[in-house]
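The values are calculated or read from the model by the stated rules, or taken from the named source; none is laboratory data. Source: prediction; values computed, not measured. Because the Cβ atoms are built from the backbone with ideal geometry, glycine has one as well, and the counts that use them run over all protein chains shown. The area values use the complete protein model at the heavy-atom level, side chains included, leaving out ligands, DNA and RNA. Shrake-Rupley method; radii C 1.70, N 1.55, O 1.52, S 1.80 Å.
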Amino acid sequence: MSISFHDLSQMTRTARGQLLKRTEADLSEYEEKVKPIIHAVRHEGDAALARFARQFDKAPVEADAIAATDADFARAERTLDPQVKEALDFMAGSIRRFHEDQKPEEMWFHEIRPGVFAGDRTTPIPSVACYVPRGKGAFPSSVMMTSIPATVAGVKEIAIVTPPGPDGHIDDATLVAARMAGVSKVFKAGGAQAIAAVAYGTETVPKCAKVVGPGSPWVGAAKRLLSHVIDTGTPAGPSELIVLADETADGRLAGLDLIIEAEHGPDSSAFLVTWSRKVAEDAMAAIPEFWKQMGPQRVAYSSAVLGGPMGGIVLARDEAEAIAFCNDYAPEHLGVHSDEPFQYLGRLEHAGEILLGRHTPPTLGNFVIGVNHVLPTSGWARTGSPLTVHDFMKRTSVAYVTGKAYPELARHAEVIARYEGFDGHANAVSETRARLLRTNR
């Protein structure tokens, strides 16, 4: 198994641009396949969800058994390994504390000018669906990363949608994590059909105002097609990682971290970016040794990524070129390996998260630090942000003007309204209003 080596000094601008491409760059092929799935769920409801569970997930699910039951939760609590429960509880505590610190004050209200008051009132959105993928594994961490911020925000109705396993059941750790997060509505629905279900609602699955969480290109395509029906938030597609390493880094550690996101699946992206040939060579030599400690499926996934066009080693001419590549890529995860990682922080402009130093591997960010692992992908880190408590809240502007302050504001507002041609706007702050106000004294 070989590892791709990309020497920027030998690459054309076009070839360099190819390195920036992601799996989700073009979802048109998936969109055409997703359209009939959306149509079926919209018109057939739970029957379509059950049929697609049997077809796509090979799971024996019936239309009257889409929702997880109390018995399902009890079974999960009873059978899940206590060590896993303890780790989930630790993770929940970190995530909850981090997002509680993020939560904005309920309202701020300042005097902008004498007698003119304005501010924001922040309230939770009414409902949200948390999509938890399962195709390449079970992800109770995604349950907590999506639903705990929602509960902290105060969202009243939270639903979790996740594909059933081959036995027709929801993963035990997923159910336990949901209960720890304070969520009791969990449904057996994955892929595009799950997004359609929460967009339109079915007999069992509630219609939601927003859907969050990472997913496959099928999920991404469904979100695009349904963005006029449900708020789909910042795109979170296949995993991405750049490890930026300077000459003080240990190439073996950089290679160890590079595998983290590469093992998610063959559609992931993972690059080690360095201007040190020694670091690059040390990483390339170490990675095959690390593969010997992994299961065959994860080796297959990570080797496909690191040996393909969306992964491997990127050798830059110098520090400036390496940082420029990172900023152009705008990765989901960005790890910085250096004796002095903070020296680069101010120049790293676009990333879903930045993990500084050799003791902060993406594994910790994904699970136990508390920062959210639902991050913008496909370059959306240029304008998007990690999932936060703010994604489950909305701001409402609030204003109040005193009678003493009104005349000056009205005078300027009338001028602007007349200039823009809005007679109704202008009349509402003209002498007409002044006369009416005088009659109300």
Answer with yes or no whether Ile38 is at pLDDT 95 or above and under 25 Å from the mean Cα position of the chain (by Cα).
yes
When the residues of region 1-34 are filtered to those that are under 21 Å from the mean Cα position of the chain (by Cα) and open to solvent by 90 Å² or more (accessible area, probe 1.4 Å), which remaining residue is nearest to Met310 (Cα to Cα)?
Lys21
Lone qualifier among Ala173, Ala178, Ala159, Ala118 - being surrounded by fewer than 17 Cβ atoms within 10 Å (Cβ to Cβ) and of a type in the set (Gly, Ala, Ser)
Ala118
By residue number, the members of region 103-152 that are modelled with pLDDT under 95 and on the phi > 0 side of the Ramachandran plot are Gly137
Selection from region 121-146 of residues in contact (Cβ under 8 Å) with a residue 40 or more places away in the chain and open to solvent by 30 Å² or more (accessible area, probe 1.4 Å) yields Arg121, Pro124, Pro126, Arg134, Gly135, Lys136
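Tell me yes or no: at least one residue of region 57-79 is out of contact with any strand residue (DSSP E or B) (no Cβ under 9 Å at 6 or more places or on another chain) and closer than 23 Å to His333 by Cα.
No - not one qualifying residue is present in region 57-79.
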If you take just the helices (runs of 4 or more DSSP H) that sit entirely in region 223-326, which of them hold at least 2 residues that are closer than 30 Å to Thr388 by Cα and free of Cβ contacts under 8 Å to residues at least 60 places away in the same chain?
251-262, 296-306
Residue pairs qualifying under the 9 Å Cβ cut-off, at least six apart or on distinct chains, with the first in region 169-187 being over 22 Å from Lys207 (Cβ atoms) and charged (D, E, K, R) and the second being assigned to a strand (DSSP E or B) and modelled with pLDDT of 95 or more, are Asp171/Thr162
Out of all the residues in region 351-370, is one or more touching a residue at least 24 places away in the same chain (Cβ under 8 Å) and touching a Phe, Trp or Tyr at 6+ places or on another chain (Cβ under 7 Å)?
yes
Could you check Asp101 against (1) within 22 Å of the chain's Cα centre (by Cα); (2) surrounded by 12 or more Cβ atoms within 10 Å (Cβ to Cβ); (3) outside any strand (DSSP E or B) and say which number it fails?
(2)
Please specify each residue of region 191-215 satisfying the condition of being part of a loop (DSSP other than H, G, I, E, B) and either in contact with an Asp or Glu (Cβ under 8 Å, 6 or more places away or on another chain) or open to solvent by less than 40 Å² (accessible area, probe 1.4 Å) (or both).
Gly201, Thr202, Glu203, Thr204, Val205, Pro206, Cys208, Ala209, Gly213, Pro214, Gly215
Of the residues in region 298-349, those that are crowded, with 22+ Cβ neighbours inside 10 Å, within 20 Å of Pro362 (Cβ to Cβ), hydrophobic (A, V, I, L, M, F, W, C) and more than 24 Å from the chain's Cα centre (by Cα) come to Ile313, Val314, Ala322
For the condition more than 30 Å from Ala351 (Cβ to Cβ), without any contact (Cβ under 8 Å) to a residue 60 or more places away in the chain and of a type in the set (A, V, I, L, M), what is the one hit in Ala405, Ala434, Ala381?
Ala434
